[in-house]
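Following: one structure in structure tokens, then a few remarks.
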Amino acid sequence: MKPVIGVYLGWIPPDEKIWEPLYRTVRTNDGYKTEPTQLLAPTISRYPGLKEVLAPARKLSDLPYTLRKRTPLIRPDYERNARTLNLQYPIVDLFEYIGRTGGQFSGDPFTVCPIVEPDEDGKYTYEFGLWKVDNEVASNLNSSTQFKAIANPPEAPIVTAKERRLGEFSPHFSQLENTISNINLVNIGEKDYSGGGQIIISFDTSTNLYETPSFALASQEVAMSV
């Protein structure tokens, strides 16, 4: 898997089912660079209360608040989560951590989509933790288990194991639909605080997710006005 070089922060708006990216953050020589997508301005216009929540960092090279609070915390489950995510501990890369977890944070509706580069054949490989895991199915997984992705538009694809529903892809992968292949089990972790299993998988896709219309960045004029 290529390194995670940045992330999109987004959400599923109320009464809708499709994940929408709101801004992109990438690492630079001076820190970080955050740019809004074309969906951020109309989202703030529709939901004015989000303007303060999604405000940029005071120093443009810093992480925005909504993204910063998703960074790894030094707490009892930090080491466990890092190792389950197949990351080197204690030196854990910020983007790798939140990109593989999906950036879920109790109390707000936002999640994170990782940015990775394709290989020489134009293939994108992702590693991430499944959502809404069925613990009964998860308890029977092993290295020879065959996985299958089933399209579930407009929501994210479902992952099955031995013809039974195992869990769901993160919502930002909903637009990949039938282009997912080569699903492999990376790691099985302990149950998390919510009682759900931690199942880490990898998969390939030939689709450039970041070229889909919803991921387009706002024009400079619009970006300056947000």
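The values are calculated or read from the model by the stated rules, or taken from the named source; none is laboratory data. The model shown is predicted, which means the values in this text are computed figures rather than measured ones. Cβ coordinates were reconstructed from backbone atoms using ideal geometry, including for glycine residues, and neighbour counts include every protein chain displayed. Calculation scope for accessible area: heavy atoms of the full protein, side chains included, ligands and nucleic acids excluded. Shrake-Rupley method; radii C 1.70, N 1.55, O 1.52, S 1.80 Å.
Would it be correct to say that residue 77 is open to solvent by less than 90 Å² (accessible area, probe 1.4 Å) and in a helix (DSSP H, G or I)? Judged against the criteria, residue 77 is a match.
Sort out which residues of the range 60-74 are more than 30 Å from residue 186 (Cα to Cα) and open to solvent by 60 Å² or more (accessible area, probe 1.4 Å), and write them in order of number. Don't jump to the end; show me each part of the working.
Step one: list which residues in the range 60-74 are more than 30 Å from residue 186 (Cα to Cα), which gives 60-62, 64-65.
Hits for the range 60-74 are 60, 62, 65.
Of the numbered criteria (1) assigned to a loop (DSSP other than H, G, I, E, B); (2) open to solvent by less than 20 Å² (accessible area, probe 1.4 Å); (3) in contact with a Gly (Cβ under 8 Å, 6 or more places away or on another chain), the one residue 113 fails is (1). Scanning the range 80-107 for residues that are open to solvent by 30 Å² or more (accessible area, probe 1.4 Å) and either in contact with a helix residue (DSSP H, G or I) (Cβ under 7 Å, 6 or more places away or on another chain) or closer than 16 Å to residue 169 by Cα (or both) gives 89, 101, 104. When the residues of the range 121-158 are filtered to those that are farther than 14 Å from residue 186 by Cα and among the hydrophobic types (A, V, I, L, M, F, W, C), the one that is surrounded by the most Cβ atoms within 10 Å (Cβ to Cβ) is 156.
Please specify each residue of the range 38-59 satisfying the condition of being surrounded by 13 or more Cβ atoms within 10 Å (Cβ to Cβ) and part of a loop (DSSP other than H, G, I, E, B).
38, 39, 47, 54, 55, 56, 57 - these are the residues of the range 38-59 that are surrounded by 13 or more Cβ atoms within 10 Å (Cβ to Cβ) and part of a loop (DSSP other than H, G, I, E, B).
Restricting the first member to the range 50-79 and to residues that are of a type in the set (Lys, Arg), and the second to residues that are surrounded by 12 or more Cβ atoms within 10 Å (Cβ to Cβ), the beta-carbon pairs closer than 7 Å and six or more apart or on different chains are 51/44; 69/105; 70/98; 70/103; 70/105; 70/112.
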